[in-house]
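The values are calculated or read from the model by the stated rules, or taken from the named source; none is laboratory data. These numbers come from a predicted model, not from an experiment. A quick note on method: Cβ atoms are made from the backbone with ideal geometry, for glycine too, and the neighbour counts reach across all protein chains shown. Calculation scope for accessible area: heavy atoms of the full protein, side chains included, ligands and nucleic acids excluded. Shrake-Rupley method; radii C 1.70, N 1.55, O 1.52, S 1.80 Å.
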Amino acid sequence: MSIEELESIAQAMVAPGKGIIAIDESNSTIKKRFDTVGVPNTEENRRAYREMLLTTPKLNEHISGAILYDETIRQSTSDGTPFPKLLESKGIIPGIKVDAGAKPLALTDGETITEGLDGLRARLEEYRELGARFAKWRATYSISPDKPSEYCVWTNAHALARYAALCQEAGLVPIVEPEVLQDGTHTIAESRKATGRVLQAVYTELHDQRLDFRGTLLKPNMVLSGYEASDRASVDEVADVTLECFYKHVPAAVPGIVFLSGGQSDEDATANLNAMNARGPHPWQLSFSYGRALQAPALKAWGGKPENVEAAQRAYYHRAKMNGAARTGVYAPEMEREAVTA
């Protein structure tokens, strides 16, 4: 696939007013979420839950792409339609998480390296045949007085770039996800420094490993105060500091930045994205690739009961609509009072 074709896919994934849904939770992660609503973690329940999300009416008004898990990309709706085909029929681009998770980084004190490069070329070929048109790989970094270490920053940057190069070779758009975790008591200034260091390393490695930035997307954290910090930065400060960091470290050739929600509340993630877009235009589209911040209200409303599907889909559509509004900087908190049950 040519770089022009990859660029076209990347741009479609950050189309105005739209963003990406992340339903790529591992089976162990979705178990934790199911446990909160008392739903057994069976393959059929996972399939039914994802079908409920993906068949939400009018979802394509605000959703451009969906990140699937290995199990999910092989599953079908109750009428036998493979999930990738369902998405394509709605004009939503199917994607796939391909990393094998963060594992302990050797000879460090609690830092991680993301594994999954072994055999990746063959897996990408299979996923493309199954319908995927983009992929995602996540690396994680902690903030403390001595973290992230240079060792952690650069080994993960190298792995992200190796993954991304294999994706472009296979005709898939790589979403590069370096997540600086916001757990802790750190200040927004400390988050800014760590995020900048990580992004600088990532783009150095992507350049050195011959990536064409036009056929990539970035999925980063927002620059926030630590979730346990006593003095939390405001929405305006988060927007200003995050933009300053990204203007310094992210090349303008990148079509879009699709923020992760991390541990933010549903409404905080939307408000922060809105504030950044209200300060636009920017060299890149500023969009969202949210998992829990889109799903949480729907999961609670669903509770594993078929009779709750319609209510859950309304809750899901509402969150997608709110984030679609944040894409153009027109979201306002009073919009949350729209009757989700109407």
Give all pairs with beta carbons closer than 9 Å in which a residue from the stretch 220-245 that is aromatic (Phe, Trp, Tyr) meets a residue that is open to solvent by 80 Å² or more (accessible area, probe 1.4 Å) and in a loop (DSSP other than H, G, I, E, B); count only pairs at least 6 apart in sequence or on separate chains. TYR227/ASP183; TYR227/THR185
Restricting the stretch 94-113 to residues that are in contact with a helix residue (DSSP H, G or I) (Cβ under 6 Å, 6 or more places away or on another chain) and assigned to a strand (DSSP E or B), which is surrounded by the most Cβ atoms within 10 Å (Cβ to Cβ)? ILE96
If you go through ALA320, ALA312, ALA296, the only one that is over 24 Å from ILE257 (Cα atoms) and either of a type in the set (Ser, Thr, Tyr) or buried (at least 19 other Cβ atoms within 10 Å of the Cβ) (or both) is ALA312
Give the residues of the stretch 120-148 that are among the basic types (Lys, Arg), touching a helix residue (DSSP H, G or I) at 6+ places or on another chain (Cβ under 7 Å) and surrounded by fewer than 22 Cβ atoms within 10 Å (Cβ to Cβ), sorted by residue number. ARG121, ARG128
Note down all Cβ pairs under 9 Å where the first residue falls in the stretch 259-287 and is at positive phi, the second is of a type in the set (A, V, I, L, M), and they're at least six residues apart or on different chains. GLY262/LEU181; GLY262/MET222; GLY262/LEU224; GLY262/ALA269; GLY262/ALA293
Report, ordered by the first and then the second residue, all pairs with beta carbons closer than 6 Å, sequence separation of six or more or different chains, a first member in the stretch 74-100 that is under 23 Å from GLU44 (Cβ atoms), and a second member that is of a type in the set (Gly, Ala, Ser) and open to solvent by 30 Å² or more (accessible area, probe 1.4 Å). PRO82/SER76
Working only within the stretch 190-218, note down all residues that are farther than 21 Å from MET13 by Cα and among the basic types (Lys, Arg). ARG192, LYS193, ARG197, ARG210
Hey, could you check the stretch 149-166 for residues that are polar (S, T, N, Q) and open to solvent by less than 30 Å² (accessible area, probe 1.4 Å) and say which is nearest to PRO178 (Cα to Cα)? ASN156
Failed condition for PRO333, given (1) at pLDDT below 95; (2) in contact with an Asp or Glu (Cβ under 8 Å, 6 or more places away or on another chain); (3) open to solvent by less than 40 Å² (accessible area, probe 1.4 Å): (3)
